[in-house]
Every structure is written in structure tokens, then in C-alpha cells.
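Working notes, structure below.
None of the figures in this text is laboratory data; all of them are computed from the coordinates on show. Here the structure is a predicted model, which means the values were calculated and not measured. So basically every Cβ, Gly included, is an ideal-geometry build from the backbone, and we count neighbours across all protein chains shown.
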Amino acid sequence: MGRSTPVNVSPIFKSLDMIPHPNDISSQDWPALVSALQANPDYKVLRRLSPTPWLTADDSSAEHLSTLKGVVLDTETTGMNSLSDRVIELGMIVFEYELQSAKVVRVSRVFNELEDPGFPIPPESTQVHHITDEMVKGKKIDDRVVHELLQGVNLVIAHNASFDRPFVENRWPIFATLPWGCSIHDVNWRANGVGSAKLEYLTMLQGFFYEAHRAVTDCWALLEVLNMHLALEDQTVAQTLFDSIEKTEHQVYAIGSPFESKDLLKSRSYRWNGEIKCWSRVLSSEQALREELAWLKVNVYGHKRDAKVEIETFSRLEKYSDRPGEKRLQSLANL
């Protein structure tokens, strides 16, 4: 097909020859071009993510809102081990979540600082986040500001909190006093028809693309994801996470389970821990725990009168940290 052949490109351009070079298109014309593409079901347009013009803390139009205060957080580190590696970048966005609309409505503070870890950053880590030794040389994250930003916060949210939380708790113990939520593990993405929980993919579903793996950029992306509507729950991601603040999780350890029950346990989503040589499963409610104990009694332990399991309970103050939950032994005899 030649360049002069008429094609139905859009309501604006009747042939390929009529399409100007992007540099020749004025900023006023781009919205019309985007709308033309979006009107065609064969195309999906992604916009570069830029900080949404959220209401600011001193905006009187938002003062009447009934809100909770949250922080989205992301770290870049020298490696994967929270005991031996260090935080070299901390990004945080302090926001307000409005109860009636179930949406993030206001951003009050944005924080992003680098810190010198005191040793060379491994090259393989720099390949991920592009932070070099020269960039962090002599720098230190302001502890006073970190503590100030966390005052009155109801929930800290990270995308893969089990990675970020141990790092920041080791560096700033105040994070151990706050409830945490995880936008990967606290949302049933698959049940909501979403095939991947990667932040880049979720942001694309919201109509944005961005350059990942710098702390505050990832925070802005996560903030957009919090306003995503979940079809199954019929609520936003933010509401799902804030609703979970008071909830506890229970990890059931099937101690002393018969060897022949291993396939049955595996099929019920139990995981094997080689260190303690035990199968365990995480349950997200008291009702689920009661049902699971009854199932174990009948299907695994066969009504053994001395059968016991161990239950470890995690509140939002321990969840995703390296700290253990509250443990207890539970007899199955009287269930």
C-alpha cells in the first residue's frame, strides 16, 4: 500500500499522507488525536505517568471530607538481605483516603531522599535502580522528617511489603509501630480478573506508563493503582487495604501430620517448610480458621485424641515484618 492510498486512520486524518510528524503537532491538538484513537476499540492509549494534580493539604475544598491518613512507600536498596544490605533511597507519599468515595483524594507531602550505605553498591543492584555510588556519596536520609511524616498515619502501604518493611524497620524502628498493607498480597488480583500483580502492569490498566525502579516514581504509580476499582469486591484497592487494618491472619502449622497426607495438604494450598519440617497454610479470617481446623481433624489427623496444631496469629503490626506473630497450640479433640 503506497503512502497516498486513502485509509480510515481516524475521523481527523483521511490518509496517511495527512498525518503530521509528532513534532509538528501542537499541544492543543494532542487531546483530539488521543480521543480519536481511544474511540477505536482496536487501540489503547497509554499516557506517561505524571503526579496527578491532587488536592493539597491547604485546599479548603477538601476540609469537609471524612478521611484516613495513609503513606505509600518504596525503597531502593543495595541488595535483597534486610540484615546485611541497606536502604539507599526512600520514597514516601502521604495521602488522605476519603471514606465516602473510597478513593485517594488528597496528597499532603512527597518525600524522596538518598543515603550513602557506607560501602559500594553492588553493580547488579545498580543495574536495577540505576543508583550509583556517586549519587549517594555523603548523603543521609533525614530521620526527623521521616518521623514527622508518619505522625497520625493509619496505614503504610507498599507493593510487596514483605520486602520493604524489614528494611525500613531496621533503619527506622517507628515503622514497627504502624499497621501495614501490601498491594500485592492483600488484593486477590486473580479473582478480580487481573492476570498480573506487577506494578507496571497494574499502572498500564489505569492508562499510564512510567520508568520504574526509582522510589518516588513507584510511589506515584502505586497511588494511581489505589484508586483502581475491583470488580469482585465492588470497591477500590484503597478501600480493600484500609478495610483490612483491624483484620488478623492465622498461619496454621500441621505439626506431626501423617506422611501420607502430604499430597492432600499440598492440594489444599499448604506449603512445606524444610527448616521446621512442617506443612502450613495462611488463613485470612476467624471463620476460615475454624473451618480449616475441622477439616484437619477429619481429613488429616483422623480424630486422633491427642492431635494438636500450632496457630500463629499476625496483626497488621507484625504482618510482612520479620517479627513472629503470637503462637499457641490448639487441640483438635474437642472441635
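Full extension of the chain between LYS304 and LYS137 gives 53.9 nm of extra length, using 0.36 nm per residue less the Cα-Cα distance.
Placing one equal scatterer on every Cα of the range 59-157 and applying the Debye formula, the log10 ratio I(q)/I(0) at q = 0.18, 0.19 Å⁻¹ is -0.85, -0.90. Farthest toward the positive end of the dipole of the chain, out of VAL72, ILE88, GLY193, is the Cα of GLY193, where the dipole comes from beta carbon charges about the Cα centre. Quick one: among GLU275, GLU98, GLU115, which has the greatest mean-square fluctuation in a GNM of the chain with alpha-carbon springs under 10 angstrom? Of GLU275, GLU98, GLU115, the Gaussian network model singles out GLU275 as fluctuating most. Within the listed set PRO120, PRO41, PRO51, the Gaussian network model of the chain (springs between alpha-carbon atoms below 10 Å) gives the highest mean-square fluctuation for PRO41.
So how strong a dipole does the chain carry about its Cα centre when Lys and Arg Cβ are +1 and Asp and Glu Cβ are -1, to the nearest 20 debye?
Details: 36 positive and 46 negative charges, 238 e Å.
The dipole magnitude comes to about 1140 debye.
Our coupling estimate for the range 38-47, obtained by passing each phi through the Karplus curve with A = 6.51, B = -1.76, C = 1.60 and θ = phi - 60°, is 5, 6, 8, x, 8, 10, 9, 9, 10, 9 Hz, Gly and Pro reported as x. Taking the charge dipole of the range 60-243 about its Cα centre, with +1 at Lys and Arg Cβ atoms and -1 at Asp and Glu Cβ atoms, the residue from HIS147, GLN100, THR132 reaching farthest to the positive side is GLN100.
Remark on THR236: its backbone amide H falls under 5 Å from those of LEU230, a criterion applied only to residues 5 or more positions apart or on other chains, H modelled at 1.01 Å from N. The distance from the alpha carbon centre of the range 246-303 to that of the range 95-164 is 36 Å, rounded to a whole number. Model label points for LEU99 and GLU291, set 7 angstrom from Cα along the Cα-to-Cβ axis, are 3.0 nm apart. Against the chain, whose longest principal axis comes from its Cα atoms, helix 215-226 is set at around 80 degrees.
Here the calculated FRET efficiency for VAL110 and VAL45, from their Cβ-Cβ distance with R0 = 30 Å, stands at 0.65, rounded to the nearest 0.05. Filter the trypsin sites (Lys or Arg not before Pro) in the range 230-280 down to the DSSP loop ones having no more than 10 other Cβ atoms within 10 Å, then list what survives. Sparse-neighbourhood loop trypsin sites (Lys or Arg not before Pro): LYS277. Note on the chain: Rg/Rh from C-alpha atoms, Kirkwood Rh, equals 1.06. For the range 90-192, the list of trypsin sites (Lys or Arg not before Pro) that fall in a loop by DSSP and count at most 11 other C-beta atoms within 10 angstrom reads LYS137, LYS140, ARG190. Quick one: angle between helix 286-299 and the longest Cα principal axis of the chain, in degrees between 0 and 90, rounded to 10, please. On a 0 to 90 degree scale, this one is about 50. In terms of the Cα gyration tensor, with a ≥ b ≥ c the square roots of its eigenvalues, is the range 249-331 rounded because a/c is under 1.5, prolate because a/b exceeds b/c, or oblate? Prolate shape, in that a/c is at least 1.5 and a/b is the bigger ratio.
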